[in-house]
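A quick write-up on the structure given underneath.
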Amino acid sequence: MSFFSQLFSHPLIAIASLFAILIALTVHEFSHALAGFLLGDNTAKHLGRLSLNPLAHLDPVGFILMLTAGFGWAKPVPYNPYNLKWPKWGPVVVGLAGPASNFFLAILSFSLTVLCIPLLGYSNLFIVFLVSCFTINLMLCFFNLIPLPPLDGSSVLLALLAHPRYAHARYFIMQTGPKMLLAIIFIDMFTNANIIGSILRIPIELFLQAAHFFVKITPIYL
């Protein structure tokens, strides 16, 4: 169900989901900017991207597609790798800062859900918001860890191939990665292949198993 169809049938749930999306995207991009800044690059700061203002990070087309088609993007945070303190691994830190922030938000949302459900109940709007935050941040984290450009996970792969002997492999990945990713997304949108879902299923299931194990060993049960 798209955001706009949900807006007419369940407006409060749709608004809660909208805020969850805005928080996830904003914190993700801000974390990229913050990591670059802490490593010595001021590019994102000079462009106004070192900000928790959602308007600084939203791409209008990408955001509308995310609400209507379930696929979209925010504005990528620029940085100059030559300004970073660690020339080889600095880009990896900047790249993984976004998914790491979403992983943290997913854990925070899950923990607050566990704590608040006994007090508020499952149908409470705040609980709906927390569940949306948990789901969106978890999906955004693991999706961005796929090692295909321009996703953040590609920074690790490209760093491992930094030696000049792997120049052709790096070039091939950088040229074909975006095309492969776009092809997979379009196949998922117009068929029942669910390629991305299959890729993400294993890490998400592992996370959920770990989360439920945590709940079982605490005095509060989900």
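The values are calculated or read from the model by the stated rules, or taken from the named source; none is laboratory data. Given the structure is predicted, the values throughout are model-derived calculations rather than measurements. So basically every Cβ, Gly included, is an ideal-geometry build from the backbone, and we count neighbours across all protein chains shown.
Things to note:
- The condition (being closer than 23 Å to HIS28 by Cβ and surrounded by fewer than 16 Cβ atoms within 10 Å (Cβ to Cβ)) is satisfied by just one residue among ILE136, ILE173, ILE185: ILE185.
- Elements of type helices (runs of 4 or more DSSP H) contained in the stretch 1-53, each with 1 or more residues being surrounded by 20 or more Cβ atoms within 10 Å (Cβ to Cβ) and in contact with a Gly (Cβ under 7 Å, 6 or more places away or on another chain): 11-38, 43-46
- Unique match (being of a type in the set (A, V, I, L, M) and free of Cβ contacts under 8 Å to residues at least 40 places away in the same chain) among MET189, MET174, MET139: MET174
- Hits in the stretch 102-129 - residues which are farther than 30 Å from PRO78 by Cα, crowded, with 18+ Cβ neighbours inside 10 Å and without any contact (Cβ under 8 Å) to a residue 60 or more places away in the chain: ILE127
- Among all residues of the stretch 192-202, there is at least one that is of a type in the set (A, V, I, L, M, F, W, C), free of Cβ contacts under 8 Å to residues at least 40 places away in the same chain and outside any loop (DSSP other than H, G, I, E, B).
- Of the residues making up the stretch 203-219, those that are in contact with a helix residue (DSSP H, G or I) (Cβ under 9 Å, 6 or more places away or on another chain) and modelled with pLDDT of 85 or more number 4.
- Qualifying residue in the stretch 83-93 (condition: part of a helix (DSSP H, G or I) and farther than 21 Å from LEU151 by Cβ): yes
- The residue list PRO78, PRO91, PRO99 contains one member that is under 30 Å from ILE195 (Cα atoms) and exposed (fewer than 15 other Cβ atoms within 10 Å of the Cβ), which is PRO78.
- Considering the stretch 67-82, the residues that are in contact (Cβ under 8 Å) with a residue 60 or more places away in the chain and not in a loop (DSSP other than H, G, I, E, B) include one that is nearest to THR26 (Cα to Cα), namely LEU67.
- Number of positions in the stretch 122-178 that are in a loop (DSSP other than H, G, I, E, B) and either at pLDDT 95 or above or not hydroxyl-bearing (Ser, Thr, Tyr) (or both): 13
- Residue match in the stretch 193-205 (condition: surrounded by 12 or more Cβ atoms within 10 Å (Cβ to Cβ) and at positive phi): yes
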